[in-house]
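All of the numbers you see were taken from the coordinates with simple rules; none came from a lab. Since the structure is predicted, the reported quantities are computational estimates derived from the model, not experimental observations. No Cβ is skipped: glycine too gets one built from the backbone with ideal geometry, and neighbour counts run over all protein chains shown.
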Amino acid sequence: MVGISFGSFLNVVADRVPQRKSIVSPPSHCFQCGHPLESRDLVPVLSYIILRGKCRYCGAAIPLRSMLVELITGLLFVLAWAVLGPQWQLPIVLLYMCILIVLSITDLEGGIIPGIIIYPAVGITLIITAVKILTGLSPDIISASIGLASGFGLFFLIWCIARLFKKEVIGFGDVVMGGLIGIMVGFPLVMAAIYLAVLTGGLMAIVLVILGLRKFTEPVPFALFLALGTVVALLWGGEITVLISLLVP
Ligand SMILES: [Zn+2]
């Protein structure tokens, strides 16, 4: 229930922040008719089902995405609780998940990673990491710094090469996001997260091309897959680190 409520808030952030709109006023309203929504229209997930996905006042379709984000956020919160349990890392992982969800929405729908979201996210993550290092909690400063440098560096390299050939393979937002996840999970987990992102993103792209749902040259919403890889690294970091130490002597 907490996760679903957060998902509801993340929808508002993803819709309004990139447009420089306030997240508190005006209160929620129908996108079509502008009618203010009452509390009975704003119960996450349930209102959508009861109203059968239509505005109570004008009948316009409510974006399905709102409910999907609420559901996915709720499920991810449950998953984090199930994997990590009640420990000090849980709220940090939940916050990171929220940041990754918002970035995934904006990249999926607008094809961009807005600076107004990613830069504050980097700031918050840096502060949390600094506090973790200063208080002696993990990750250590070397892991975090190499994570930041390698995550940012890898995508910066791709970005530079792509610009050399005048191709827009990835945006600069992806480069910053590489750095962001590098701080979040540290090194070498950031490499595992990127590897998973390339693997799942590539597979998905190929499947969609085969099914005729996507042209080969169309860009892939890479932030979504980076987010996916990062969530896996956040939840199963310990196991992945053991796996890496076995594979890389
Ligand atoms: Zn309406």
Taking the C-alpha atoms of the chain, how large are the radius of gyration and the largest Cα-Cα span, Dmax, in Å?
-> 19.3, 64
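With an 8 Å cut-off on Cα pairs and a minimum separation of 6 or more residues, tell me the relative contact order of the range 106-249 in percent. Show your work: numbers first, answer last.
Numbers: 164 pairs, mean separation 36.9, N = 144.
Relative contact order comes out at 26 percent.
If you take the square roots of the eigenvalues of the alpha-carbon gyration tensor of the range 27-78 and sort them as a ≥ b ≥ c, do you get rounded (a/c under 1.5), prolate (a/b over b/c) or oblate? It would help to have the intermediate numbers written out before the result.
Values: a/c = 2.17, a/b = 1.96, b/c = 1.11.
Cα axes put the range 27-78 in the prolate bin.
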If Lys and Arg each add +1 and Asp and Glu each add -1, what is the summed charge of the other residues whose beta carbon sits under 14 Å from the beta carbon of PRO188?
-> -2
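If we sort 215-223, 90-98 on the protection proxy, mean other Cβ atoms within 10 Å, highest first, what's the order?
Peptide ranking by packing, descending: 90-98, 215-223.
Could the peptides 178-191, 2-15, 19-32, 106-119 be put in order, highest first, of the mean number of other beta-carbon atoms found within 10 Å of their residues?
Values: 178-191: 26.0, 2-15: 19.6, 19-32: 10.9, 106-119: 17.2.
Sorting 178-191, 2-15, 19-32, 106-119 by mean packing, highest first, produces 178-191, 2-15, 106-119, 19-32.
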HN-Hα J in Hz across the range 47-53 - Karplus 6.51, -1.76, 1.60, θ = phi - 60°, x for Gly and Pro | 4, 4, 5, 5, 7, 6, x
Please work out whether the range 1-130 counts as rounded, prolate or oblate from its C-alpha gyration tensor, where a ≥ b ≥ c are the square roots of the eigenvalues and a/c under 1.5 means rounded, while otherwise a/b larger than b/c means prolate and anything else oblate?
-> oblate
Mean separation of Cα pairs under 8 Å and 6+ residues apart, divided by the residue count of the range 1-86: what relative contact order is that in percent?
-> 43 percent
Whose amide H sits under 5 Å from the amide H of HIS29, counting only residues 5 or more places off or on another chain, with H placed in the peptide plane?
-> LEU37
What's the center-to-center distance, using Cα atoms, between the range 162-194 and the range 78-154 in Å?
-> 14 Å
Size of electric dipole in the range 104-249: Cβ of Lys, Arg +1 and of Asp, Glu -1, about Cα centre, debye, nearest 20 | 280 debye
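So for the range 69-214, Kirkwood radius off the Cα pairs, Stokes-Einstein at 37 °C and 0.692 mPa s: how many µm² s⁻¹?
199 µm²/s
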Could you rank the peptides 36-49, 140-153 by their average count of other C-beta atoms within 10 Å per residue, with the highest value first?
-> 140-153, 36-49
With a ≥ b ≥ c taken as the square roots of the eigenvalues of the C-alpha gyration tensor of the range 149-249, please select rounded if a/c is under 1.5 and otherwise prolate if a/b is larger than b/c or oblate if it is not?
-> oblate
